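Written out below as structure tokens is the structure these notes cover.
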Amino acid sequence: MSLCLVIDEMHPSLPDYMAEIGVKLHYRPDLIAAEVPAALAAHPYDGLMVRSKLRITAALLSHGPQLRYVARAGAGVDNIDEEALTAAGVSLLNAPEGNRDAVGEYALGLLLALLRNIVRADQEVRQGQWRREANRGEELGGKTVGILGCGHMGKAFARRLAAFGCTVLTYDQDPFCDTGGFASAVTLTELQARAEVLSLHIPYTAANHHFVNEAFLNGFRNPIWLLNTARGEVLDHAALVWALQVGQVRGAALDVLENEKLPALSPEQQARFGFLATAPNVVLSPHIGGWTHQSYERINQVLAHKIAAFLRP
């Protein structure tokens, strides 16, 4: 029987799904990062299942020489050194199919909240203010929405926008990326020329660090509404503050930040966060776009299916 070490909290359905495919679990979410190397070395594990507790590096992999796969319970793999996995002959399995619908729905909710001033209006009414004209909003229908990245998350958002009568454009660095039939693939230049809304759905890699910077934002012909449900580091937050101040970004909804450890912000990050936290046209949330009760279990289903296919002779 195949053996897998699980070091992060998972939906309680995991043991049943894994038992069905002949995988025995050592479920150790109690482990701290420093204890994982010794735990890996203690048994001949075929697999290691993680969320984001620690980085998967060559040094860590050396403690599990019999590892055949690392399973990431989620979509993003920016905490995993893929070159180290390749060098060690270890396969990477992740589960973007598990939370793509959650992200697609949440991005739509963020956009509606921005366009209709929902968060601001709620706060004002709670404070006894009844400001109808000041909160007159914009309709989503008929707008041109640009999606940066047409992977699982981008396509899920595009599918939902179709019901609103939007023109949906998408740009991906892979020219052969399937748009799912709900968006038109365009060049980056065309997306910047036409989009009124920009939604970020690209993974974080070294090449994508601050992909959305001041020059990029300034390249849009129209002032835009900006959404980020991807990773905070793909967006230059200094550039975002500038763009909000000059009106090049009309409003922003951020589910991810450049540093999500809020007590550990540098002085520069604290200044940027302070501006965003007090701006009336900014909506913030704590990286919950893909985090629903349904996606929590669905990720287990996706991983079990992929692990079964990987282990199948």
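The values are calculated or read from the model by the stated rules, or taken from the named source; none is laboratory data. Quick caveat, the model's predicted, so the values are computed rather than measured. Cβ placement follows ideal geometry from the backbone for every residue including glycine, while neighbour counts extend to all protein chains displayed.
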**Report entry** Given (1) under 18 Å from the mean Cα position of the chain (by Cα); (2) more than 24 Å from GLU190 (Cα to Cα); (3) among the hydrophobic types (A, V, I, L, M, F, W, C), number of the condition VAL234 does not satisfy
**Finding:** (2)
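Being of a type in the set (A, V, I, L, M), without any contact (Cβ under 8 Å) to a residue 40 or more places away in the chain and under 22 Å from SER52 (Cβ atoms) narrows it down to one of LEU257, LEU226, LEU244, LEU240, so name that one. Lay out the reasoning, then the answer.
On the way: LEU226 fails: under 22 Å from SER52 (Cβ atoms); LEU244 fails: under 22 Å from SER52 (Cβ atoms); LEU240 fails: under 22 Å from SER52 (Cβ atoms).
From the options LEU257, LEU226, LEU244, LEU240, the qualifying one is LEU257.
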Query raised in the report: Where residues in the stretch 41-54 are within 28 Å of the chain's Cα centre (by Cα) and not small (Gly, Ala, Ser), which of them is farthest from GLY74 (Cα to Cα)?
Result: ASP46
**Report entry** Failed criterion for MET18 (all others in (1) among the hydrophobic types (A, V, I, L, M, F, W, C); (2) in contact with a Gly (Cβ under 9 Å, 6 or more places away or on another chain); (3) under 18 Å from ALA309 (Cβ atoms) hold)
**Finding:** (2)
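Working only within the stretch 192-217, note down all residues that are small (Gly, Ala, Ser), out of contact with any Leu (no Cβ under 9 Å at 6 or more places or on another chain) and closer than 28 Å to GLY141 by Cα.
The answer is ALA193, and nothing else.
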Report summary line: Of the residues in the stretch 91-114, those that are touching a Leu at 6+ places or on another chain (Cβ under 8 Å) and either aromatic (Phe, Trp, Tyr) or surrounded by fewer than 18 Cβ atoms within 10 Å (Cβ to Cβ) (or both) number 3
Query raised in the report: Could you say which residue among LEU25, LEU61 is under 18 Å from ALA88 (Cα atoms) and without any contact (Cβ under 8 Å) to a residue 60 or more places away in the chain?
Result: LEU61
Query raised in the report: Only one residue in GLY137, GLY181 is modelled with pLDDT under 95 and more than 23 Å from VAL212 (Cβ to Cβ), so which one is that?
Result: GLY181
Requested in this report: Evaluate the stretch 208-225: report whether one residue or more is in contact with a strand residue (DSSP E or B) (Cβ under 7 Å, 6 or more places away or on another chain) and under 19 Å from ALA73 (Cα atoms).
Outcome: no
**Report entry** Tally of residues being closer than 26 Å to GLU105 by Cα and touching a His at 6+ places or on another chain (Cβ under 8 Å) across the stretch 187-241
**Finding:** 6
Requested in this report: Name the one entry in GLY151, GLY89, GLY104, GLY109 that is closer than 17 Å to ILE56 by Cα and not acidic (Asp, Glu).
Outcome: GLY89
Report summary line: Among the residues of the stretch 287-313, the number that are surrounded by fewer than 20 Cβ atoms within 10 Å (Cβ to Cβ) and among the basic types (Lys, Arg) is 2
**Report entry** Flag for LEU276 being of a type outside the set (Val, Ile, Thr), without any contact (Cβ under 8 Å) to a residue 60 or more places away in the chain and part of a strand (DSSP E or B)
**Finding:** no
Report summary line: Note on ALA84: of the conditions (1) without any contact (Cβ under 8 Å) to a residue 60 or more places away in the chain; (2) over 14 Å from the mean Cα position of the chain (by Cα); (3) within 28 Å of SER295 (Cα to Cα), unmet is (3)
Query raised in the report: Can you tell me how many residues in the stretch 108-162 are outside any helix (DSSP H, G or I), without any contact (Cβ under 8 Å) to a residue 60 or more places away in the chain and within 23 Å of GLY74 (Cα to Cα)?
Result: 3
